[in-house]
Amino acid sequence: MNWIQIDELRVTLLVMVALLSWVVLRYTWRNFALEPSRPRAMGWMLGCLASVLVTLIANHFILFLLSWTSISICLHRLLLFYPERARAVLATHKRMITARLTELLLAVSFVQFYLWSGDATITGTLAHYAETGTVPMAAMLTLVVAALLSCAQMPFHGWLMQVVESPTSVSSLLHAGIVNLGGFLLLSFAPLLTEAEAARWLLGVLSAVSCGLAILIMSTRISIKIRLAWSTCAQMGLMLLEIALGYYSLALLHLVAHSLYKAYAFLSSGTVRPIHNVLVRNSWVTLAWFMFSLVLINGALWLSFGHFKPTAAVLLSLSITLLMSQAHKFSWLKSVLIAIAWVALYTALTLSAAQVMQDGRVHIALDLAVAAWFIVLVALYWWLEQHVAHKVSQRWFIRLNAGLYIDEWFTRLALWLWPRPEERHRYDSVQEEESTS
């Protein structure tokens, strides 16, 4: 029985993890130079990275689940490196709930795959699908929910914002590597996901909503680390959305690029300048840039892939538009050349990723709906930025700054399961008063 699997996807990710491991471990060794507990930190980090490597090459369901759980155990010890920090303890408890639920869903999904195919390996499951052409929808739905939880999507996202209380190297390891594993999980079962219509809609809708709301909430944050954490939530939502749309090569490129960028961003967070929200001042110039970028990108996608990608085109056009609308020092010719260079770079990288991971069947209806959703979000963001003094803008700023209060129920659940000392004393006092009365 094949317990491990090596293919182009896994080799790509193994190389990336090896590079990040060297950087993070080197940073950790220097950062903890004056910490008496440096050996303990290095030990748990080495255990976490070794578990990630095993997960990437695991083919048997049992080995995959054991290594996945091992990652969670090692990460738990790293997040509690400073147990005296109340917010770190709260975040760790919330993450523990999410991790146990994810592992349970993974186990249920793997059992369903085994009962369906009679094989306890990923390759055997994919081979059975190739022979029969059928898909176990319940198993795919369970797998999708597990991936959403693993990638800290709303409403199970709050712990990701609060683990910034942990050491910087731990945050870098978490945001650059571990939180991406949900995307790797779905890419491993990509052929089945392509045919699972209900699972794709569930994944697409939930990730699109989570990504859009995270972007709006991130715009109200001031702290560098908190903004980076909300950025991870949004980026993971976008990566899962690309998978739901069938853009597997783009999702792989996104996974690798996000890992490298987020590792650098967290490790250098102490030297980053304050981030200011982008404010578009000339609406007509912005609209002209958007239309030009949209035509340019759609043309490049059609020539490269033979079909349009509405969501990818809209998102890349918006990013170029926001970049170019702020480049007042550039001439029009230089700005156009920069935009063309960006599109050429994006196309080349996507074609390279396509050599490792082939795209699935594109879901046109979901693609158009998501593209429209992001246009609406950008229009809302623009209106809020242009009408800062308006009562509606001020009211929504307060709500967005509070995370739309989505995480409150999860916090209450964690505090009910693991009350803080002062809250436990308050609870005992209430219970004593009730018993005496």
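Data table
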read-out	value
Candidate residues 416, 230, 22: accessible-area rank, largest first, probe 1.4 Å	416, 22, 230
Label-point separation in nm, residue 7 to residue 62, each point 7 Å along Cα→Cβ	2.3
Dimensionless Rg ratio for region 53-197, taking C-alpha atoms and the 2.2 N^0.38 Å reference	1.11
Mean-position separation - Cα centroids, region 146-214 and region 1-52, in angstrom	20
Karplus (6.51, -1.76, 1.60) ³J(HN,Hα), θ = phi - 60°, over region 49-62, in Hz, Gly and Pro reported as x	5, 5, 5, 4, 4, 5, 4, 5, 9, 5, 10, 7, 4, 5
Charge dipole (debye, nearest 20) of region 1-64; +1 at Cβ of Lys and Arg, -1 at Cβ of Asp and Glu	300
Highest-first arrangement of 238-251, 104-117, 368-381, where packing means the average Cβ count within 10 Å	238-251, 104-117, 368-381
Table column - 3J(HN,Hα) (Hz), region 207-216, Karplus curve with 6.51, -1.76, 1.60, x for Gly and Pro	6, 5, 5, 4, 4, x, 5, 5, 5, 5
Nearest-0.05 FRET efficiency for residue 35 and residue 260, computed from C-beta distance (R0 25 Å)	0.40
For region 95-156, accessible area per residue (1.4 Å probe, heavy atoms of protein chains only), Å²	37
Shape box of region 176-255 [Cα atoms, principal axes, largest first, Å]	42, 23, 16
3J(HN,Hα) from dihedral phi, region 258-264, Karplus parametrisation 6.51/-1.76/1.60, rounded to Hz, x for glycine, proline	5, 4, 5, 5, 6, 4, 5
Set of lysines near residue 225 by C-alpha distance (under 26 Å), chain-local residues within fewer than 8 positions excluded	94, 262
Region 139-280: relative contact order as a whole-number percent, Cα under 8 Å and 6+ apart	33
More than 19 Å apart - percent of Cα-Cα pairs taken over region 21-74	36
Ratio Rg/Rh [Cα only; Rh per Kirkwood] for region 128-231	1.06
Surface share of carbon and sulfur [accessible, 1.4 angstrom probe, percent] for region 79-182	65
Per-selection Kirkwood Rh - region 54-135 (Cα, Å, 1 d.p.)	14.4
Computed Rg/Rh of region 88-139, alpha carbon atoms with Kirkwood Rh	1.22
Förster-model FRET efficiency, 45 Å R0, residue 388 and residue 134, C-beta, rounded to 0.05	0.25
Inter-label distance, nm, simple model (7 Å from Cα along the C-beta direction), residue 123/residue 375	4.6
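The values are calculated or read from the model by the stated rules, or taken from the named source; none is laboratory data. The model shown is predicted, which means the values in this text are computed figures rather than measured ones. Cβ coordinates were reconstructed from backbone atoms using ideal geometry, including for glycine residues, and neighbour counts include every protein chain displayed. Each accessible area value is taken on the protein alone, full model and side chains, heavy atoms only, with ligands, DNA and RNA left out. Shrake-Rupley method; radii C 1.70, N 1.55, O 1.52, S 1.80 Å.
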